[in-house]
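Student: One structure follows; several queries about it will come next.
Laboratory data are not the source of any read-out in this text; all were calculated from the coordinates shown. In this text, all values refer to a predicted model and were calculated from it rather than measured experimentally. Glycine gets a Cβ as well: all are built from the backbone with ideal geometry, and neighbour counts include every protein chain shown.
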Ligand code: MN
Ligand code: FE
């Protein structure tokens with residue numbers, strides 16, 4: 001590895017000198033993000049508005065409503081928590097220019113996601129004071145947010161510098177909190193619930209928006225894992241058995257919190273979903289996250305939702321929007337005009 005390469009503490013390179021690239025993967029993630037561009041208003045909400053206010057036959061059940069509201073409550077504030085983390089702490093320390101270019105793109109996507117929840121609240125006529133306070137009032141949501149905030153508090157300190165082995169460990173520890181746990185685990189029970197609903201042709205507009213968010217988050221997570229792996233590669237002394245164990249413990253704890261959140265969102269189970277199946281899914285994705293950052297898997301659970309990976313793979317479609325429209329039209333349930 002060339003001496004010049006350093007993704008953090010870029011006192012050896014100029015943060016404004018983007019060419020020649022040192023980390024081509026950061027560029028690939030940037031281009032993927034741009035190719036996946038979307039806005040919430042492109043998704044019609046008429047069917048959702050009708051279903052949301054419908055009474056009697058075919059109306060949403062109390063269980064379905066709870067699940068939807070819980071997920072809107074979690075995601076509406078989690079998206080801006082993520083955006084704040086990028087802008088207020090990660091950006092300052094990741095000094096490599098092409099990685100910063102990606103972070104700017106990611107910050108924009110988080111703004112699109114924040115905007116999505118504003119659009120959903122407006123369209124469905126939800127009470128913003130209820131939805132945007134759920135991260136304080138609903139314990140299973142609050143515990144997830146508190147866990148991430150606590151896990152990432154050291155680098156929020158304006159005096160924090162990545163100048164010692166211990167501080168670089170803290171930085172990587174916090175990056176695991178942001179990328180692997182928040183975006184890679186805490187979003188996924190929600191994705192599975194909302195996309196199961198879409199598969200049943202219920203709340204199809206909200207479901208499509210969750211589909212695009214999932215596609216974006218897949219890239220955020222891939223960037224985060226590449227960033228973590230690069231810092232470890234460039235600073236191998238930080239990757240001690242004790243440090244790895246701390247990360248593993250945090251991931252385990254996050255799986256428990258995510259399963260508790262699923263149980264609380266969906267206490268009785270609906271649409272073939274119940275806590276057991278979601279637990280299996282969360283364990284499966286936690287194993288994949290562990291392996292992605294060079295740690296051994298913990299659970300060995302199978303993926304009960306292979307269709308979730310198919311949704312992520314949609315991003316490989318060149319003409320994503322056309323493909324999507326055709327698919328839904330074939331199903332005869334989306335009036336796209
Ligand atoms: Mn997001
Ligand atoms: Fe994200």
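Student: Sorted by packing (mean other beta-carbon atoms within 10 Å per residue), highest first, where do 210-223, 126-139, 272-285, 154-167 land?
Tutor: Going by the mean number of other Cβ atoms within 10 Å, highest first, we get 210-223, 272-285, 126-139, 154-167.
Student: Between residue 115 and residue 249, what is the FRET efficiency for a Förster distance of 25 Å, r being their Cβ-Cβ separation, to the nearest 0.05?
Tutor: Computed FRET efficiency for residue 115 and residue 249: 0.10.
Student: Helix 204-234: angle to the longest alpha-carbon principal axis of the chain, degrees 0 to 90, nearest 10?
Tutor: That works out to roughly 10 degrees.
Student: Over the chain, what is the relative contact order in percent, taking alpha-carbon pairs closer than 8 angstrom and at least six residues apart?
Tutor: Value for the chain: 21 percent.
Student: Also: Distance in nm between label sites at residue 101 and residue 88, each 7 Å beyond Cα in the beta-carbon direction?
Tutor: 2.9
Student: So, one more: Once both axes come from the Cα atoms, what is the angle between helix 165-175 and the longest principal axis of the chain, in degrees from 0 to 90, rounded to 10?
Tutor: On a 0 to 90 degree scale, this one is about 10.
Student: While we're on this one: To test your reading of the geometry: what angle, between 0 and 90 degrees and rounded to tens, separates the Cα axis of helix 24-35 from the longest principal axis of the chain?
Tutor: For helix 24-35, the angle is close to 20 degrees.
Student: How many angstrom separate the Cα center of segment 216-256 from the Cα center of segment 51-71?
Tutor: 38
Student: Sticking to Cα atoms, compute the Rg of the chain to one decimal and its Dmax as the biggest Cα-Cα distance, whole number, in Å.
Tutor: Reported Rg and Dmax, both Å: 20.1, 68.
Student: Figure the gain on full extension for residue 233 and residue 50 (residue separation times 0.36 nm, minus the Cα-Cα span) and round it to one decimal in nm.
Tutor: This chain segment gains 60.6 nm when fully extended.
Student: For segment 15-125, what is the convex hull volume of its Cα atoms per residue in Å³?
Tutor: Taking the convex hull of the Cα positions in segment 15-125, it is 117 Å³ per residue.
Student: State the extension gain, in nm to one decimal, for the chain segment bounded by residue 127 and residue 276, taking 0.36 nm per residue of separation less the distance between their alpha-carbons.
Tutor: 50.5 nm
Student: So if each residue of separation counts as 0.36 nm, and I subtract the Cα-Cα distance between residue 136 and residue 199, what length gain in nm does that give?
Tutor: Taking residue 136 through residue 199 to full extension adds about 19.6 nm, to one decimal.
Student: By its C-alpha gyration tensor, with a ≥ b ≥ c as the square roots of the eigenvalues, how is segment 239-318 shaped: rounded for a/c under 1.5, else prolate for a/b larger than b/c, else oblate?
Tutor: Note, shape of segment 239-318 comes out oblate.
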